[in-house]
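Scroll down for the structure; my scribbles are underneath it.
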Amino acid sequence: MGSIYLIRHGQASFGADDYDVLSPTGVRQAEILGQHLAELGISFDRCLAGDLRRQQHTANSALEQFAAVGLPVPILETDSAFNEFDADAVIRALLPAMLPQEPNALNILRNAAQNRAEFQRIFALIIERWLAGTHDTPELESWLGFVERVRGGLNRILEQADNTQKIAVFTSGGTITALLHLITQMPARQAFELNWQIVNTSLNQLKFRGREVSLASFNGHTHLQLLKTPELITFR
């Protein structure tokens, strides 16, 4: 059977003006992942990433570790189907209707780095509304639309793959969640409960034969655990 490794990007710059930049911890996580895979002798026939900077940077930082020990490094391909959903757009579209029940929500979101627990609570409420689809607007990518975009990316991989290949996809937590939902048929809300647990640079392995795909492992982050440095295990 073939394998697809879904790799979440390293820690981004949560609370900064531009989230889509790896933090120094995120860069280190990506390097550790690459070193770990190289030590295991795992090489890839294809590598893909979305076009977000945090996804591309994670991929390049990890793959540099392969080159450093003489392992082959495939050209990094880009497929925007594996981009994260636009969380800012979801918040902008769905927050106003929540303000009567959550009058402090705007202040919490504007100061997310100082209110991490409250940010997570408010964001989870917004995501529940997005998943329900009852608050969709024409300009917003719906949950169903996002799932179909991700499905298209997976189908393109399967159409070009043979059953012996190892393929890496450097992507994001929401994209991995959508794929879990598609492959396991778990309800969207349940899939998002798992989303909150996905560690930065974790490995999630799919097995495939033809168009049949199954989940083989979820949220593996042994490469970080082995270092016994808790601050390397992050979720944003």
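The values are calculated or read from the model by the stated rules, or taken from the named source; none is laboratory data. Computed from a predicted structure; not experimentally measured. Please note: Cβ atoms are built from the backbone with ideal geometry, for glycine as well, and neighbour counts cover all protein chains shown.
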For this session: Tally the residues that are surrounded by 16 or more Cβ atoms within 10 Å (Cβ to Cβ) and within 30 Å of Ala38 (Cβ to Cβ), restricting the search to region 79-110.
Result: 5
Problem set entry | Sole exception among (1) aliphatic (A, V, I, L, M); (2) without any contact (Cβ under 8 Å) to a residue 40 or more places away in the chain; (3) closer than 25 Å to Ala178 by Cα for Leu94, by number | (2)
Problem set entry | Entirely in region 1-110, the strands (runs of 3 or more DSSP E) that have 2 or more residues that are touching a strand residue (DSSP E or B) at 6+ places or on another chain (Cβ under 8 Å) and of a type in the set (A, V, I, L, M) | 2-8, 46-49
Problem set entry | Which numbered condition Glu64 misses (of (1) touching a Gly at 6+ places or on another chain (Cβ under 7 Å); (2) under 25 Å from Ala178 (Cα atoms)) | (2)
Exercise. So which residues in region 196-228 are more than 26 Å from Arg156 (Cα to Cα), at pLDDT 95 or above and polar (S, T, N, Q), if there are any at all?
Worked result: Thr222, Gln225
Exercise. Quick one: which of Leu40, Leu48 is free of Cβ contacts under 8 Å to residues at least 60 places away in the same chain and either under 27 Å from Arg209 (Cα atoms) or not assigned by TED's automatic domain parsing to the domain that holds Ala178 (or both)?
Worked result: Leu40
